[in-house]
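The next block holds one structure in the form of structure tokens; read it before the comments.
The values are calculated or read from the model by the stated rules, or taken from the named source; none is laboratory data. Computed from a prediction, not measured in an experiment: that's the story for all the values here. A quick note on method: Cβ atoms are made from the backbone with ideal geometry, for glycine too, and the neighbour counts reach across all protein chains shown.
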Amino acid sequence: MDAMVLPQPLKRIGETIAARLADGHLATVVRGAGLVMAIRIAGSAIALLSQVLLARWMGAFEYGIFAYVWVWVIILGILAPMGFGTSTLRFVPDYTINRKWRRLAGILDASWRVVAVLGIGFMAVGLLAIFILRNELEPYYVLPLVLAMLCVPGFALGDTLEGTARAFGWVGLAYLPAYIVRPLGIVVVGGLVYLFAGELTGVAAVGGALAATFATLAVQRFVLSRRIARTVPKAKPFLHTKYWIAASMPLVLAEGLYLVLLNTDIVLLGYFVDPDHVGIYFAATRIVNLIVFIYFAVAALAVPKFSELHAAGDRAGLQTFVHNIIQWIFWPTLAAAAIILLGGKFALGLFGQDFSAGFPLLAVLMLGFIARASTGPIEYLLNMTGHQNITSAVYGGAALLNIALNLVLVPHFGLMGAAAATATALVVASFCLFLIVRRRLGITAFVFASGKATAALESK
């Protein structure tokens, strides 16, 4: 039988993919990203389904309350570890390769204890703020916010365990708890409340999230501890806590400012519109976030390669790697965005009859994330090459821009104003990072950049 001849366009696509994978660094990332992407796809599907069920059980108003306070959990829960969730990615491989078992035991012990203290501190500050502002807050937000603050230590510790598992290369243990187990736990608890009580309020939903957060944390901590005990020689911890904290602080600044950039719209909407409108907007963001898993999956495996190539002084290899990574992020993201837009109205309708009003928001919000995908994970490239301070400055400026635009646009244009503000801030941040990477590293990080930059570097 004659071999099947592919149409010329498909043949060219296949040749392009094969050429990209000839880069050994990229091939490793793409293969590893497969598992991460599979978890993120499953997690995105579960998260979307759980949000649909919660919205239907609760209605737009109560769902809006839950969405608003859960955003505060995400922001504070990721800020509270103060960068330890990321810095373990640097220290654990270093100590493991160099067989510094006492320092490895020390960083594992310190990351848990320090983050536990920080999480409780953030919780206490949050509860104090609620008490002070209780007369300024809408009454329906007060009790859910109190329960949300109780979630913060558990969320923070879970984020740290995720970083630790990633540092050891245990992708399933890193991502399954946060993206599969916890969302399932929240919807299961909410479903049981709805089944036996006949209704699900915002307070009950946040209470269910609190229970699911700590149950997931307990299981992840148990499994991770047993795996570490089987893998790492037992040693008396050597604590270098001040050094670890100092190394972690710049990382949390960049992460925290990016979180502020992404969540400013929902936080400010809580002051300008009723919870039912917040719920509609939150539902739209959940659907848009489906395209982000591609960026996340590839970037999660690319970050160590940035550091490795930079440390080796392989500038040409780094340019080639960055260019190829952007291709693997942008085009699947663009395809996913098109598919989501086609089915967006149907997807929003799953949340409930009122939620289809959020369809125009999808296209506007997607513009920001597509712009981010067009330059790839260059914030990580800057962080891994010693330029984390400028990354923080860019995200700080973009966050302030987002706040200013929200304050101007939301009172006049409502939800569309919030979407336009966030998309604009993301585009501006991506453009600024692109310019900084080109100036400081000599790397052209843009999806439509020609291969001339790479060829010129390789010819030197």
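I'd like to know if the range 364-387 contains one or more residues that are part of a helix (DSSP H, G or I), in contact (Cβ under 8 Å) with a residue 12 or more places away in the chain, in contact with a Gly (Cβ under 6 Å, 6 or more places away or on another chain) and not polar (S, T, N, Q). Checking the range 364-387: not a single residue is part of a helix (DSSP H, G or I), in contact (Cβ under 8 Å) with a residue 12 or more places away in the chain, in contact with a Gly (Cβ under 6 Å, 6 or more places away or on another chain) and not polar (S, T, N, Q).
Within the range 157-196, can you find the residues that are small (G, A, S), under 22 Å from V117 (Cβ atoms) and either within 14 Å of the chain's Cα centre (by Cα) or surrounded by fewer than 20 Cβ atoms within 10 Å (Cβ to Cβ) (or both)?
Of the range 157-196, the ones small (G, A, S) are 158, 163, 165, 167, 169, 172, 174, 178, 185, 190-191.
Of the ones still in play, those that are also under 22 Å from V117 (Cβ atoms) are 158, 163, 165, 167, 178.
Once the filter is applied, which keeps residues that are small (G, A, S), under 22 Å from V117 (Cβ atoms) and either within 14 Å of the chain's Cα centre (by Cα) or surrounded by fewer than 20 Cβ atoms within 10 Å (Cβ to Cβ) (or both), the range 157-196 yields G158, G163, A178.
When we screen S50, S44 for residues that are surrounded by 19 or more Cβ atoms within 10 Å (Cβ to Cβ), under 19 Å from the mean Cα position of the chain (by Cα) and at pLDDT below 75, the only hit is S44.
Working only within the range 204-247, note down all residues that are aromatic (F, W, Y), assigned to a helix (DSSP H, G or I) and over 30 Å from P139 (Cβ atoms). Before you say what the answer is, go through the steps one by one.
At the first step, the residues of the range 204-247 found to be aromatic (F, W, Y) are 214, 222, 238, 243-244.
Okay, now just the ones that are also assigned to a helix (DSSP H, G or I), so 214, 222, 243-244.
Answer for the range 204-247, where residues must be aromatic (F, W, Y), assigned to a helix (DSSP H, G or I) and over 30 Å from P139 (Cβ atoms): F222, Y243, W244.
This table checks each residue for (1) modelled with pLDDT of 90 or more; (2) among the polar types (S, T, N, Q).
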| residue | (1), (2) |
| --- | --- |
| I78 | no, no |
| P81 | no, no |
| S87 | no, yes |
| R90 | no, no |
| W112 | yes, no |
| I120 | yes, no |
| L127 | yes, no |
| P144 | yes, no |
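The rows are residues; the columns are (1) under 28 Å from A347 (Cα atoms); (2) touching a residue at least 24 places away in the same chain (Cβ under 8 Å).
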residue: W57; (1), (2): yes, yes
residue: E62; (1), (2): yes, yes
residue: L89; (1), (2): no, yes
residue: P93; (1), (2): no, yes
residue: R99; (1), (2): no, no
residue: F131; (1), (2): no, no
residue: N135; (1), (2): no, no
residue: L145; (1), (2): no, yes
residue: G154; (1), (2): no, yes
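Based on this model, can you work out whether G313 counts as under 27 Å from T86 (Cα atoms), part of a loop (DSSP other than H, G, I, E, B) and modelled with pLDDT under 95? Yes, satisfied.
Scanning the range 20-36 for any residue that is modelled with pLDDT of 50 or more and under 27 Å from F214 (Cα atoms) turns up at least one such residue.
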